[in-house]
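The values are calculated or read from the model by the stated rules, or taken from the named source; none is laboratory data. Keep in mind that this is a model prediction, so the values were computed, not measured. Cβ: placed from backbone, ideal geometry, glycine included. Neighbour counts: every protein chain shown.
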C-alpha cells in the first residue's frame, strides 16, 4: 500500500508543503516509517490512531491512503458522457 504523510499546521489545519510518500503494508508501519524519516522514536511522538494524526515536537502530520486516490478518474472524465445526453 502507498500512504502519504502530510504536514499540517496545528492551528489552521492547512498544509505546510512538506509531504512524504511511504510504501508500507499498514498505517502503523507508515507511522513508524515517518518517525524514521524524521529521526524520531515512538517515545518522541504522540499518535492519535482514530484520525491517524502524529504530533512530533511542534509539527503535526496526517497519514492518508494514497493508493486509492491514484485509481480515481477526474470528474470531467466521469461526466463527459452526461454532458451530451438530451432528455426527450
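Taking residues in the range 5-24 that are under 20 Å from residue 36 (Cβ atoms), and partners anywhere that are modelled with pLDDT under 90 and in a strand (DSSP E or B), the pairs with Cβ atoms closer than 6 Å and at least 6 places apart or on different chains are 7/59.
Residue-wise test of (1) modelled with pLDDT under 90; (2) in a strand (DSSP E or B).
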| residue | (1), (2) |
| --- | --- |
| 11 | yes, no |
| 21 | no, yes |
| 30 | no, no |
| 50 | yes, no |
| 64 | no, yes |
| 69 | yes, no |
| 78 | yes, no |
